[in-house]
Amino acid sequence: MRRKKIYEGKAKVLFEGPEPGTLVQYFKDDATAFNNQKHGLIAGKGVLNNRISEYLMQKLEEIGIPTHFVRRLNMREQLIREVEIIPLEVIVRNVAAGSISKRLGIEEGTILPRAIVEYCLKDDALGDPMVTEEHIAAFGWASPQDLDEILQLTLRINDFLNGLFLGIGLKLVDFKLEFGRLWEDDQMRIVLADEISPDSCRLWDVATSEKMDKDRFRRDLGNVEEAYQEVARRLGVLPEAGPVDIKPPRVMQ
Ligand SMILES: Nc1ncnc2c1ncn2[C@@H]1O[C@H](COP(=O)(O)OP(=O)(O)O)[C@@H](O)[C@H]1O
Ligand SMILES: [Mg+2]
C-alpha cells in the first residue's frame, strides 16, 4: 500500500492515516544523539519501541490521561490521532543524570529533592534550548492555561510511571514528553503525543544500576539492543517470535 509520507523525523515516520484526523506512526531503528551529531542503528529498536509505547500509553489511558494512541497496526506501526504538536519537550527528572548533572554540577545518580520539570523548545537547528514559562507565554508556544494542564498531566504521568517501572525493577531517572492540541467539535484538549520508550526515558536497573536506555548508545556502553529487549521483556511486551522476527526497517515512500 502506498501512503503519503507526512513527515520523516530522526526516529519515526508519519504517514497519512486511513481516516481524516489520523496518522500512522512508523518506528525506525535509527538512533541519534547529541543534537544529531551521532547517528546509528539499533537493530529491532523500532519494533520494541512501538510495543513499549503502545503498552505505556494504554496504561496511561486507563488512569485517565488522554493520549494520541489509537491502536497498534503491525510490528512497526501504530495508528494515532493527529494533533497540533506543542513545540516543547517536557522533561521530568527524578534523579540527576545527563545535562542537569553537567549544567549544575550534580553527580549522576543523586536523587533530586523533588521531581523537576524542565521545558525545551523543540528546535533541532537551535539544539532544543531550555526555555522558561516566561518564554513560552511571551512567544505563545502554549498559553498559561495549556501549560498548567501540561504540568498537571506530566506530574500524574511521572507518579504513575515511577510506580510502574519500579514494579519491574527499573528506576525512572528522567524522561521526555510531547503534548499536542486535539480539537473535537470546537473543544480543545491537550493530549500526550509522540512516544514513551527507552529512547525518551532514562531507566536504571534497581539492583545493579545498569543503564537500560538510549544512554547505552550515546555512551557506547554496548548491549544496546539487549537493553531495549530487556525493558520490553519486563513489561511483558517482547514480541513472541523474539529477535528473529525483528527485521530492519523498510520505509515506504
Ligand atoms: N499525534 C501526533 N500528531 C502529529 N505529530 C506528532 C504526533 N505525535 C508525534 N508527532 C511528531 O512526529 C514526529 C515523530 O518523529 P521523530 O522521529 O520523533 O521526529 P523528530 O526528529 O522531529 O523528533 C515528531 O516531530 C513529533 O513531534
Ligand atoms: Mg522525536
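Here is how the numbers come out for the structure above:
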quantity	calculated
Distance (nanometres) between label positions extended 7 Å along Cα→Cβ at Asp220 and Glu19	5.0
P(r) of region 159-200 over all Cα-Cα pairs, binned every 5 Å from zero, in whole percent	5, 19, 21, 20, 13, 10, 8, 4, 1
Ellipticity estimate at 222 nm from DSSP helix runs (n ≥ 4, -39,500 (n - 2.57)) divided over the chain, nearest 500	-8500 deg cm²/dmol
Alpha-carbon centroids, region 13-29 and region 61-137: separation in whole Å	21
Per-pair calculated FRET efficiency, R0 = 41 Å: Leu151 and Glu108 via Cβ, rounded to 0.05	0.95
DSSP beta bridge pairing in the chain, given as percent antiparallel to the nearest 5	100
Hydrodynamic radius of region 84-205 per Kirkwood, over alpha carbon pairs, in Å	15.3
Difference of contour (0.36 nm per residue) and Cα-Cα distance, Ile85 to Met188	35.8 nm
Point-to-point label distance, Glu61-Ile6, nm (Cα→Cβ direction, 7 Å offset)	1.7
Per-selection Rg to Rh, the chain - Cα, Kirkwood hydrodynamic radius	0.94
Net dipole in debye of region 2-64 [+1 Lys, Arg Cβ; -1 Asp, Glu Cβ; about Cα centre; nearest 20]	300
Residues of type aspartates and glutamates that Lys12 reaches as a straight line, Cα spacing below 12 Å, ignoring anything fewer than 8 places off in the same chain	Asp29, Asp30, Glu77, Asp194, Glu195, Asp199
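None of the figures in this text is laboratory data; all of them are computed from the coordinates on show. Keep in mind it's a predicted model, so treat the numbers as computed, not measured. All Cβ positions, glycine included, derive from the backbone under ideal geometry; neighbour counts span all protein chains shown.
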